[in-house]
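The values are calculated or read from the model by the stated rules, or taken from the named source; none is laboratory data. Keep in mind that what you see is a predicted model, and the values were worked out from it rather than measured. Glycine gets a Cβ as well: all are built from the backbone with ideal geometry, and neighbour counts include every protein chain shown. Note: areas computed on protein heavy atoms with side chains; ligands, DNA, RNA excluded. Shrake-Rupley method; radii C 1.70, N 1.55, O 1.52, S 1.80 Å.
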Amino acid sequence: MPESPSPIPGYESARVLRRLGSGPVSDSWLLGHEGGELVLRRDRPCAARIGLDREREFRVLQVAHGAGVGPEPLRVDVAEGLLLTRFFPGGAWQDREASGDPETWAGMGALLRTVHALAPRSVSRFDPGRVFHDYARAAGNSESVALARELTIIAQDLYCDAPWVLCHHDAHLGNVVGAPGVLIDWEYAALGHPLFDLAGTIEHHGLAGDAFEAFVTGWAGETPPVPLDPLDEFRALVAGVNELWSRAVKACC
């Protein structure tokens, strides 16, 4: 298990309260500080190998926090692979998943609609070809290279009329905390197509029936921001991307 983090410039008095998580690309801790509780995330080597852009993530967090849908970013150190944010109180929404409560899924949809209403110029666009290439290179085998090419071709068609709005790209109940709810872990965020975000949530949770309807309706409201017709195609794209990402992480982390 990685050691506790070293002192952070400007926050030297912060102390580790507990570990929050340990994933394939990073580790995180809850810190106590006189200015309030903080969250520190430190990259593992795999983060760079799959092409994560921490400077972009920090800019995204500034926008998301300003819109009330993300935690406050405090410090980023790309060279050291460190990101410091203010802790947002409240439990993760994943604790509600077992109940299948339609209100939870409607709230998740509404939260994503708020995110998708943002289109900050300071944030770069999602580049499917580059991202898929980075994953295939990290996976390190010809089958992944072929899959990346196939997914790129599919994405070129689906993104030809993209509205280029802010997308989280990893929106699941484990990444929503508190009430009324904010999204955390914006490391894959970029300007993109909102249906990719919706498809990611649906595929992650295997949504069907009432939960599916509540989620999509919560996002769409009376007038969907974009037509929902290509949603199944985006779900197929997300499934392929998830497979490619899993290969990359397995090979390099």
Seminar exercise, completed: Taking 187-196, 131-140 and ranking on average Cβ neighbours within 10 Å, highest first, one gets 187-196, 131-140
Exercise. For residue 212 and residue 17, what does the FRET efficiency come to when R0 = 35 Å and r is the distance between their Cβ atoms, rounded to the nearest 0.05?
Worked result: 0.40
Problem set entry | Rough spin-label spacing in nm, given labels placed 7 Å along Cα→Cβ, for residue 125 and residue 142 | 3.3 nm
Exercise. Leaving out ligands, DNA and RNA, what percent of the accessible area of the stretch 165-253 is carbon and sulfur, probe 1.4 Å?
Worked result: 52 percent
Problem set entry | Extension gain (nm, one decimal) between residue 30 and residue 94, 0.36 nm per residue minus Cα-Cα | 21.1 nm
Exercise. How much length, in nm to one decimal, is gained on full extension between residue 55 and residue 160, taken as 0.36 nm per residue of separation minus their Cα-Cα distance?
Worked result: 35.2 nm
For this session: Give the residue from 230, 196, 246 lying farthest towards the positive end of the charge dipole for the chain; charges sit on Cβ (+1 for Lys and Arg, -1 for Asp and Glu) and the dipole is referred to the Cα centre.
Result: 246
Exercise. Amide H neighbours of residue 21 under 5 Å, counting only residues 5+ apart in sequence or on other chains, H built in-plane at 1.01 Å?
Worked result: 28
Exercise. Relative contact order for the chain: what is it in percent, counting Cα pairs under 8 Å that are at least 6 residues apart?
Worked result: 22 percent
Problem set entry | Separation in nanometres of the label points that stand 7 Å from Cα toward Cβ, at residue 6 and residue 150 | 4.5 nm
For this session: Calculate what fraction, in whole %, of the accessible area of the stretch 14-149 sits on carbon and sulfur atoms when a 1.4 Å probe is rolled over the protein chains.
Result: 49 percent
Exercise. Quick one: net charge of residue 82's neighbours, Cβ under 10 Å, K/R +1, D/E -1?
Worked result: +1
Exercise. Among the helices of the chain (complete DSSP H runs), which have Cα atoms covering no less than 30 Å along the helix axis and a Kyte-Doolittle mean of at least -0.5?
Worked result: 231-252
Seminar exercise, completed: Percent of all alpha-carbon pairs of the stretch 1-57 at distances over 12 Å, whole number, is 67 percent
Problem set entry | the chain: C-alpha gyration tensor shape, a/c 1.5 cut-off, then a/b vs b/c | oblate
Exercise. For the chain, with every protein chain kept in place, what is the accessible area per residue (1.4 Å probe, Å²)?
Worked result: 47 Å²
Problem set entry | Beta bridges by DSSP in the chain, antiparallel share as percent, to the nearest 5 | 95 percent
Exercise. Going by a ≥ b ≥ c, the root eigenvalues of the Cα gyration tensor, does the stretch 133-250 fall in the rounded group (a/c under 1.5), the prolate group (a/b larger than b/c) or the oblate group?
Worked result: prolate
For this session: As a check on your grasp of the helix formula, calculate [θ] at 222 nm for the chain: sum -39500 (n - 2.57) over DSSP H runs of n ≥ 4, divide by the residue count, round to the nearest 500.
Result: -13500 deg cm²/dmol
For this session: Filter the GluC sites (Glu not before Pro) in the stretch 16-114 to those in DSSP coil with at most 10 other Cβ atoms within 10 Å of their Cβ, and list the result.
Result: 34
